[in-house]
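Below is one structure, written out as structure tokens, with a few remarks after it.
The values are calculated or read from the model by the stated rules, or taken from the named source; none is laboratory data. These numbers come from a predicted model, not from an experiment. Cβ atoms come from the backbone with ideal geometry, glycine included; neighbour counts cover every protein chain shown. The area values use the complete protein model at the heavy-atom level, side chains included, leaving out ligands, DNA and RNA. Shrake-Rupley method; radii C 1.70, N 1.55, O 1.52, S 1.80 Å.
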Amino acid sequence: MDKQIFLEGVDPLEFYGVNNSKIDLIKKLFPKIKITARGQALFIQGEPSEIKAFEKKFALLLEHFYQYNVLNDEIIQEIFNSGISSMEENGTGDKDLIVFGNNGKPVRARTPNQKRLHEVSSKSDLIFAIGPAGTGKTYTAIALAVKALKNKEIRKIILSRPAVEAGENLGFLPGDLKDKIDPYLQPLYDALQDMIPPKKLEEFMKDGTIQIAPLAFMRGRTLSNAYVILDEAQNTTVNQLKMFLTRMGLNAKFIITGDVTQIDLPRKSNSGLVQALKILKGIKSISTIFFDKKDIVRHRLVRDIVEAYDKHAEETEQADYDFKVKKNRGKKEESED
């Protein structure tokens, strides 16, 4: 009996191993069948019962690779011998574990508010994650989206950002529209590249399973069976954010991230995020998580920088208040005279 198995979205070099070392180990574990690897296809020959047993074990091996993004000799032997690996056994009890990134690196909710975001993601269809730079709010949101995709809870991931010209003029940047927009979307690509193998990510991008686009491209769409993340939402206008929120379709999860202290709009009062937090407050099934300095997971200096800017803002606000009080007091004294 002859059979063919296709390895969709798998890098053959990574899966077969250097000099086919991993596929050679698989051959040793199933000596009664002939296995030939050619590109992204396996050709197997043998008795029907042997091939059926092999297909069952090999399907577990592929599923493990898709889920954990890693495959080594130990894992191959564990799965072919018992049907489960030590990674699967160890991962089931880790409540802070979100997903396994490339090379099997676990992505966990590390800070109190990252853990809150992880917890409420299963209960709320719309979540606002607000806080300063470096708190991992976007990274955690993307990890949750990747997890939902791997668990087949949704069919696609849609990531978006408003293309606000933060002190730069898009028209003078070189290239076509894609070249001008991509720098704004690069942080989203970076997070995905940490969590999904390059070959699989390329496949997802090509078939539309994962979509990354500026906010303007969301108009007119209904986003169903999807995990949708809007990043840098502080730079949306009121109408833009309303438009985005009303894209929500059936079986959709929306996470909106932003930092209200870094608004790049001409008038900060026009921020759609600031308005939405006031307008939507109190609606059930909408959760809001406020990240703070304790959640910063970048270089230790980032926390010091944020604290310094916060202190400066408070001092400036107090100075403005004192000036206004003094000014009003002076006017009062003049009127009394």
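Kindly list, by first and then second residue, each pair from a residue in region 227-248 that is closer than 12 Å to residue 216 by Cα and open to solvent by less than 40 Å² (accessible area, probe 1.4 Å) to a residue that is small (Gly, Ala, Ser) and in a helix (DSSP H, G or I), limited to pairs with Cβ atoms under 7 Å and residues at least 6 apart or on different chains.
236/272; 241/233; 241/272; 241/276
All but one of (1) assigned to a helix (DSSP H, G or I); (2) touching a residue at least 24 places away in the same chain (Cβ under 8 Å) hold for residue 70, so report the exception by its number.
Condition not satisfied by residue 70: (1).
Among 238, 274, which is in contact with a Gly (Cβ under 7 Å, 6 or more places away or on another chain) and not hydroxyl-bearing (Ser, Thr, Tyr)?
After ruling out the rest, the residue left standing is 238.
From 76, 130, which residue is touching a residue at least 12 places away in the same chain (Cβ under 8 Å) and closer than 28 Å to residue 203 by Cβ? So that I can check it myself, show each step before the final result.
On the way: 130 fails: closer than 28 Å to residue 203 by Cβ.
Within the list 76, 130, the selection yields 76.
Name the residues in region 236-271 that are farther than 13 Å from residue 130 by Cβ and either of a type in the set (Gly, Ala, Ser) or touching a Lys or Arg at 6+ places or on another chain (Cβ under 8 Å) (or both), would you?
Of everything in region 236-271, those that are farther than 13 Å from residue 130 by Cβ and either of a type in the set (Gly, Ala, Ser) or touching a Lys or Arg at 6+ places or on another chain (Cβ under 8 Å) (or both) turn out to be 243, 247, 249, 252, 269.
Hey, does region 48-68 have a residue that's open to solvent by less than 60 Å² (accessible area, probe 1.4 Å), within 30 Å of residue 135 (Cβ to Cβ) and within 27 Å of the chain's Cα centre (by Cα)?
Yes, region 48-68 has at least one match.
Take the residues of region 211-245 that are among the β-branched types (Val, Ile, Thr) and modelled with pLDDT of 95 or more: which is nearest to the chain's Cα centre (by Cα)?
Looking at the filtered set, the residue picked out is 229.
Consider residue 27 carefully, then state whether it is in a helix (DSSP H, G or I) and either touching a residue at least 60 places away in the same chain (Cβ under 8 Å) or surrounded by 12 or more Cβ atoms within 10 Å (Cβ to Cβ) (or both).
yes
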